[in-house]
1. Could you pull out the pairs from Lys6/Lys125; Lys66/Lys113; Lys66/Lys90 whose alpha carbons sit more than 18 Å apart here?
2. Taking a cut-off of 16 Å between Cα atoms, list the aspartates and glutamates near Lys59, but don't count ones fewer than 8 places away on the same chain.
3. Using a 1.4 angstrom probe with every protein chain in place, what is the largest-first accessible-area order of Tyr35, Tyr54, Tyr96?
4. Could you state the number of Å between the C-alpha centres of the stretch 110-126 and the stretch 1-76?
5. Quick query: amide H of Phe135 versus all other amide H atoms, modeled in the peptide plane; which residues come in under 5 Å with a sequence gap of 5 or more or a different chain?
6. Net charge around Thr72, counting only other residues with Cβ within less than 13 Å of its Cβ (Lys, Arg = +1; Asp, Glu = -1)?
7. If you place +1 on the Cβ of every Lys and Arg and -1 on the Cβ of every Asp and Glu, how big does the dipole about the Cα centre of the chain come out, in debye to the nearest 20?
8. Whole-Hz ³J(HN,Hα) for each residue in the stretch 55-60, computed from phi via Karplus 6.51 cos²θ - 1.76 cosθ + 1.60 with θ = phi - 60°, x for glycine and proline: what do you get?
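The values are calculated or read from the model by the stated rules, or taken from the named source; none is laboratory data. Model, not experiment: these values are computed from the prediction. Note that we place each Cβ from the backbone using ideal geometry, even for glycine, and neighbour counts take in every protein chain shown. Just the protein is used for accessible areas: all its heavy atoms, side chains included, with ligands, DNA and RNA removed. Shrake-Rupley method; radii C 1.70, N 1.55, O 1.52, S 1.80 Å.
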Amino acid sequence: MEQLIKLATQIGERLKASGETVTTAESCTGGGISYFLTEVAGSSAWFERAFVTYSNDAKHELVGVKQETLATHGAVSEEVVAEMAAGALKAANADYALAVSGIAGPTGGSDDKPVGLVCFGWATKLGVVTETCLFDGDRHVIRFNTIAHSLCRLQSYLESQK
């Protein structure tokens, strides 16, 4: 937990120094990424809003995921998180957005999409990058690893922009 707060603090320092902002669109983490970002004192300077898009309707209504994309690929897909990230970036008028959608379990998995499958999307005005990971563990561990991975990748990206 302390490690994630330290990571969020580093992200915040970088964003504050550059005058940039970040937003999130979260499904399986239910706002967990936003929680760690807002644990940082002064985070309102670089984090204004976020979207918890747990249902397909929320993904569509709040961040503009197309119904066709949801129907064709399912909520846990790189196609959906790409649209989530791009939609959150636009809706929040942010410089960076990260999006997650996954199957935290213990139910809901299938042969094609097992428990622990999580799709990630990171967006800037230059475009969107997606990734899929498969995490082991129970619901708590899967969600925690999703949050950690999201923040680590965002930090890596921000560091590469120096």
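1. Correct reply: Lys6/Lys125; Lys66/Lys113.
2. Reachable aspartates and glutamates: Glu26, Glu68, Glu78, Glu79, Glu83.
3. Working: Tyr35 95, Tyr54 130, Tyr96 15 Å².
Accessible-area ranking of Tyr35, Tyr54, Tyr96, largest first: Tyr54, Tyr35, Tyr96.
4. Using only Cα atoms, the two centres lie 14 Å from each other.
5. Leu117, Val118
6. Values: positive: Lys66; negative: Glu68, Glu78, Glu79, Glu83.
Net charge around Thr72: -3.
7. It comes to approximately 380 debye.
8. Taking θ as phi minus 60°, the curve returns 9, 4, 4, 5, 4, 6 Hz for the stretch 55-60.
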